[in-house]
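The values are calculated or read from the model by the stated rules, or taken from the named source; none is laboratory data. It should be emphasised that the depicted structure is a prediction, and the values quoted were computed from it without experimental measurement. Heads up, the Cβs are rebuilt from the backbone with ideal geometry, glycines too, and the neighbour counts pull from every protein chain shown. What goes into the accessible areas is simple: the full protein's heavy atoms, side chains included, and nothing from ligands, DNA or RNA. Shrake-Rupley method; radii C 1.70, N 1.55, O 1.52, S 1.80 Å.
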Amino acid sequence: MSSSNEYYTFTFANGTVTGMTEIDGRKSKTKFIGNSDFDVITNAAGAVTEVTRTELSRKGYAETTVYSDADGDGRFTESLELEVATATVRKLEKMRFTFDANGEVVGAQEQKIGRNGTVVWKNERIEANEDYSTVTIDGDTYLVKTETERNGVEFTLYRDDNQDGVWTEIAEGEANGNAAVNVVELVGLAGGLSAADAVIG
């Protein structure tokens, strides 16, 4: 996410974005937006209060960033970042989880590939600021890991469509503000997870 003193300004024409500038302290940088799509939300007075940018990263992730300007001063800050894997992503993190009788995650292991190609599972410590939950989005079941940070929350989404116990990381993101964030609402706001369907099959 952006630093605390970083913000963005936008140029609008015919209801869409035609220019974007990143400002960090006294430095300003014009951002290339040729590969991006934008959606804007306006208030009753016609002022833009939210800009959603979607683009495909060089690594093959469908990236969505939401910029918000609640006070209408023309300075937009990042409120949400979401990266969803597409079929062009070569390597995705795979995890195994141990659940207790109540369905709560009590253990986690990350898949590592050894030099000779063998699969090794490495135990991962579950930190005090981490929480796991299961959600259903558009008919698919996700295991969601949230990490509460000082300025918001980081979240990671995993899927195990064939139910073999191996969960594939298909999306991750960050949200500023309230740590009690509704990940389902955030993902819906950011355009969903359809880009990952080709990854999981």
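Points to keep in mind about this one:
- Flag if residue 96 is over 30 Å from residue 165 (Cβ atoms) and either among the basic types (Lys, Arg) or at pLDDT 95 or above (or both): no
- The set of residues in segment 121-157 being open to solvent by 70 Å² or more (accessible area, probe 1.4 Å), of a type in the set (S, T, N, Q) and over 30 Å from residue 77 (Cβ atoms) consists of 123, 134, 136.
- Subset of segment 166-180 [over 21 Å from residue 110 (Cβ atoms) and either at pLDDT 90 or above or crowded, with 18+ Cβ neighbours inside 10 Å (or both)]: 175, 176
- When residue 30 is tested against (1) in contact with a Gly (Cβ under 8 Å, 6 or more places away or on another chain); (2) within 22 Å of residue 149 (Cβ to Cβ), exactly one condition is not met: (2).
- For segment 141-153, a residue qualifies if it is within 14 Å of residue 128 (Cα to Cα) and part of a strand (DSSP E or B), and the qualifying residues are 145, 146, 147, 148, 149, 153.
- Residue 160 falls short of the stated requirement of being open to solvent by 30 Å² or more (accessible area, probe 1.4 Å) and modelled with pLDDT of 90 or more.
- Here the condition is being over 30 Å from residue 160 (Cβ atoms) and touching a strand residue (DSSP E or B) at 6+ places or on another chain (Cβ under 9 Å); of 107, 19, it holds for 19 alone.
- Any chance residue 28 is open to solvent by 60 Å² or more (accessible area, probe 1.4 Å) and over 16 Å from the mean Cα position of the chain (by Cα): yes
- Check on residue 55, touching an Asp or Glu at 6+ places or on another chain (Cβ under 7 Å), surrounded by 12 or more Cβ atoms within 10 Å (Cβ to Cβ), in contact (Cβ under 8 Å) with a residue 24 or more places away in the chain and over 30 Å from residue 113 (Cα atoms): no
- Pick from segment 121-140, criterion in a strand (DSSP E or B), of a type outside the set (A, V, I, L, M, F, W, C) and over 20 Å from the mean Cα position of the chain (by Cα), ranking: nearest to residue 65 (Cα to Cα): 124
- Among the residues making up segment 88-101, a single one is over 15 Å from residue 157 (Cα atoms) and under 17 Å from the mean Cα position of the chain (by Cα): 89.
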